[in-house]
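Asks: Input: one structure, supplied below.
The values are calculated or read from the model by the stated rules, or taken from the named source; none is laboratory data. Just so you know, these numbers come straight off a predicted model, no measurement behind them. Because the Cβ atoms are built from the backbone with ideal geometry, glycine has one as well, and the counts that use them run over all protein chains shown.
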Amino acid sequence: MLLALPILLPLLTAIVLHLLPQRSRLLRLVAFAGSLLVLGTAASIFARVQQTGILVLQVGSWPAPFGITLVADLFSALMIAMVSVIGVAVTGSSFAGVDPRREALGYHSLIQVVLMGVAGAFLTGDIFNLYVWFEVLLIGSFVLMSLHRTRAQLRAAFTYVGLNLLASAFLLTAIGLLYGQAGTLNLADLARAWPERRTPGLDAALSMLFLTAFGIKAGLFPLFFWLPASYHTPPAAVGALLAGLLTKVGVYAMIRVFTLLFPDPGASVYRVLLVLSAITMVLGLIGALAQRDFRRVLSFNLVGHIGFTTIGLALWSPAALGGSILYVLHHMLVISTLFLVSGLFLRQRRTTDLNALGGLYRSQPAVACLALIPLFSLAGVPPLSGFVAKVGVITPMLGGGQYLLAAVALCVSLLTVLSMARLWEEAFWKPAPVASSASALHSRLALPILAPIVFLVGLTLALTVFAGPVSTVTMRAAGQLLDRNTYIRAILGEEVPRAAR
Amino acid sequence: MELLLAVVAGVLYAAGLYLMLRRRLAQLIIGLSLLSNGSNILILSAAGVTRAKPPLITEGLPLEQFADPVPQSLILTAIVIGFGVLAFALVLAHRVHQSTGSDDIDTIGPDRA
């Protein structure tokens, strides 16, 4: 029952939000309370998984290969915990004020729907159910993106909708072909039956279809163009939600499906993934350096750093995968924080164009220093969490003799430092442009808009201080991912008949 | 029959992808719906086409006399989801048309740089 709560609670909250009288203060409180409850359940799921190993819930008590299974291993539990943290920060940031038109159109319940879809995707143990959760969170995010009707936002929404639906069609195709051959949809059952079939041609075709579908969602190299084209238009809180969660769902699904279905590290798909990850890192950061808008720089950085999170899967070693999982967690936290920081500029200056920003350090040094922490953490400046995560990804490369790859990753880190330093210099340090009025410069930033940022920055610092224990956990999560038999046994039990065909 | 379905699915994929590469929003939406129908037919044919067999199992009869009910339920789910998404895309396209008077993706306006 515990496992269903991260899905059920946001659903209930969304329904309650629709039924309540539409007074914004009440709605914000209910949404925030719902998110806090999810955080509580996520923490208890994590504690249980730490103690007893993989948790399994057979929905409706249907036995495993036939019904839908919800599974939480350490990787899922970590991701659920991070989702609930970002959910709390995003719903909390609505106390600082939401555009009343958006609020009237169901802003709060849509955020809950996205949170529900993400939690479902992280918990499901059924590949078709994974597709359904993808659609749930996509629909929620589609509507969140297109609640406004400025031209830039409509255009961004269409790019986003079109490419994500294409990805869904690819995913559905892959699932259909897989079912046609394997006759089962349960991931554990597939993991047991599929790799033994030894059909190299179909294996290659299917793995490429999955790579394309998840690659579009994660924002990998040839498929990432929808992301920087769309993430800079919605309000800051929505940007934080989508940037923090959606690409990571793609990365999660890729890691989960590939470790279970394609356990041959020599498969050509992993070489393709390795090259694509490296190109993604380089191109993302070069793109970031060319941009002149705070949120566009962040979007390109988001793309670039996705490369770090998929490279662990491509290298296929416990250490590299553990490093990548740590990187996913760190990146979710930091990129959401930075999108919330962009909300400060929207509030004060009504723009995130770097040409119109500046002077914030002079008027509010504390806020500028606060923003410095996530910026430098993303860049990987020691001793912040980004440094720990980068060490976790790059050390296995050196150990495995992938010197060229390590050099690329280090150069990309250097470019990130450059990009982040420039961002801080332009947005906070340089004198304010003449055009901005004095009143806008000196308006204080209220506590509600700062509180979620302080909360997330505090967690980033916690991730820095407790880097040792956290990386031990991510290493164990990687070990669980690579040890397919434990996963299969946890879900199917010792003695289960093979699926019907 | 399977060959015919395979050809139909292939044609639908090709037509759908071709239409998605065009600049007009209406063509993009038609392309999307062709693509999702193509994948539905693909699921049907990949899972094995059976002729006039019921999916409900009667006790005592060999399993070969019954059709696999799972592909149908998958397709049904996919149709429902595809329908919802298609409706949303149509509304979005309608709003684009209302605010710009055109359904050419390039005339929606330049991206803010």
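Asks: Tell me, please, whether a residue that is within 14 Å of B:R24 (Cβ to Cβ), assigned to a helix (DSSP H, G or I) and facing chain A (nearest Cβ under 10 Å) can be found in segment B:82-90.
Replies: yes
Asks: On to the next question. Looking at the structure I just gave you, is B:V49 within 11 Å of chain A (Cβ to nearest Cβ), hydrophobic (A, V, I, L, M, F, W, C) and over 26 Å from A:A174 (Cα atoms)?
Replies: no
Asks: Another question, if that's okay. Regarding segment B:75-82, can at least one residue be identified that is crowded, with 19+ Cβ neighbours inside 10 Å, over 23 Å from A:L163 (Cβ atoms) and modelled with pLDDT of 85 or more?
Replies: yes
Asks: Now, a different point. Is it the case, given these coordinates, that B:V8 is farther than 24 Å from A:P65 by Cβ, more than 10 Å from chain A (Cβ to nearest Cβ) and among the β-branched types (V, I, T)?
Replies: Considered against the rule, which asks whether it is farther than 24 Å from A:P65 by Cβ, more than 10 Å from chain A (Cβ to nearest Cβ) and among the β-branched types (V, I, T), B:V8 comes out as yes.
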